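Following: one structure in C-alpha cells, then a few remarks.
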Amino acid sequence: MTDEEARVLNDEILSCTRCRLSFGRSHAVPGEGPVPSRIVLVGEAPGEKEDRSGRPFAGRAGSVLNRLLASIGLSRDDVFITSILKCRPPENRDPKNDEIASCKPYLDRQIALLRPSIIVPMGRFSAAVIMGQFGVPGGRISEIHGKAFRAEAPHGPIILFPVYHPAVVTHNPPLRGDLETDFRRLKEILEGISPV
Ligand code: SF4
C-alpha cells in the first residue's frame with residue numbers, strides 16, 4: 001500500500017454514504033497503523049469515542065488493547081487497527097447484514113493493500129465475518145479464541161488468530177486472563193516459536 005493508495009482509500013471511507021450509518025456519524029473511522037502491516041487487528045465497529053475522535057479503539061477497550069500490545073512488546077505503531085464497519089451503529093447495536101455488505105469491500109481493499117501475514121479478529125462478530133470470508137470453519141468465540149487458523153488470502157497465505165474483544169474485560173473481568181494468554185501465544189507465533 002503506498003501512501004497515496006492509503007490516502008485515496010481513507011478519503012473514500014471518510015466521505016462514504018453507501019449505507020444508513022453515514023447519516024448519524026460524526027466521523028467515519030477507517031483505521032490506522034503502518035502500511036504495509038504484518039498484523040491487522042479487526043474490531044466490530046466504532047463506538048461513541050471512536051465516532052467523536054475518528055480514531056479506532058479510542059475508549060476504554062482501546063486502553064485494554066494498548067496494554068495487551070505492550071505486554072508482548074508491541075505498540076499501536078506496530079499494527080494496523082480497523083473494524084468491519086467504519087461508522088458507528090446507533091446505540092452500538094449489532095451491525096445489520098446490508099451494512100456489512102456495503103462496508104466490507106473497504107476492509108477487503110485494506111487487507112489487499114496492507115498484505116498482512118496475521119489477521120486478528122477481535123470479538124465474536126468480527127471473528128464470524130472474517131472466518132466466513134476466508135472459508136475457515138468457525139465456532140463460538142469461546143471455542144476458537146487463541147487458536148491459529150491457516151487461510152489463503154489473495155496476496156498469499158495468512159494466519160487468522162481470533163481473540164475476545166478487549167471490551168470483554170469490562171463486562172466479564174475473568175476473561176482478561178484469556179486475552180493475556182492469547183496475546184502471549186500471538187507473540188510466539190510472530191516469533192516463530194509456536195507452531196500454527
Ligand atoms: S458504515 Fe461503511 S458503508 Fe456505511 S457509510 Fe460508513 S463507511 Fe460507508
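The values are calculated or read from the model by the stated rules, or taken from the named source; none is laboratory data. Being a predicted model, the structure only gives us computed values, none of them experimental. Cβ atoms come from the backbone with ideal geometry, glycine included; neighbour counts cover every protein chain shown.
The set of residues from segment 109-130 being out of contact with any Pro (no Cβ under 9 Å at 6 or more places or on another chain) and within 16 Å of the ligand (Cβ to nearest atom) comprises just one member, Arg109. Within segment 11-36, restricting attention to residues that are closer than 11 Å to Pro89 by Cα and more than 8 Å from the ligand (Cβ to nearest atom), the residue that is modelled with the lowest pLDDT is Gly24.
Kindly indicate which of Glu91, Glu99 is at positive phi and within 16 Å of the ligand (Cβ to nearest atom). Going through Glu91, Glu99 in turn, just one is at positive phi and within 16 Å of the ligand (Cβ to nearest atom): Glu91. Every listed requirement among (1) more than 24 Å from Pro174 (Cα to Cα); (2) among the small types (Gly, Ala, Ser); (3) within 16 Å of the ligand (Cβ to nearest atom); (4) not in a helix (DSSP H, G or I) is met by Ala6 save one, (4).
Condition test on Ala58, is it within 21 Å of Met122 (Cα to Cα), among the hydrophobic types (A, V, I, L, M, F, W, C) and crowded, with 16+ Cβ neighbours inside 10 Å? If you could, list the steps in order and put the result at the bottom.
On the way: within 21 Å of Met122 (Cα to Cα): yes; among the hydrophobic types (A, V, I, L, M, F, W, C): yes; crowded, with 16+ Cβ neighbours inside 10 Å: yes.
Yes; evaluated as a whole, the condition is true for this residue.
Kindly check whether there is at least one residue in segment 116-127 that is surrounded by fewer than 19 Cβ atoms within 10 Å (Cβ to Cβ) and not small (Gly, Ala, Ser). No: zero hits.
Among the candidates Lys96, Lys49, Lys86, the residue that is surrounded by 19 or more Cβ atoms within 10 Å (Cβ to Cβ) and not aromatic (Phe, Trp, Tyr) is uniquely Lys86. Here Gly73 fulfils each of the conditions (1) surrounded by fewer than 22 Cβ atoms within 10 Å (Cβ to Cβ); (2) at negative phi; (3) away from the ligand (no atom under 13 Å from the Cβ) apart from (2). Among the strands (runs of 3 or more DSSP E) confined to segment 56-175, the ones with at least 1 residues that are touching a residue at least 12 places away in the same chain (Cβ under 8 Å) and over 14 Å from the mean Cα position of the chain (by Cα) are located at 149-153, 156-160. For segment 56-69, the count of residues that are under 25 Å from Ile118 (Cα atoms), out of contact with any His (no Cβ under 6 Å at 6 or more places or on another chain), within 16 Å of the ligand (Cβ to nearest atom) and modelled with pLDDT of 95 or more is nonzero.
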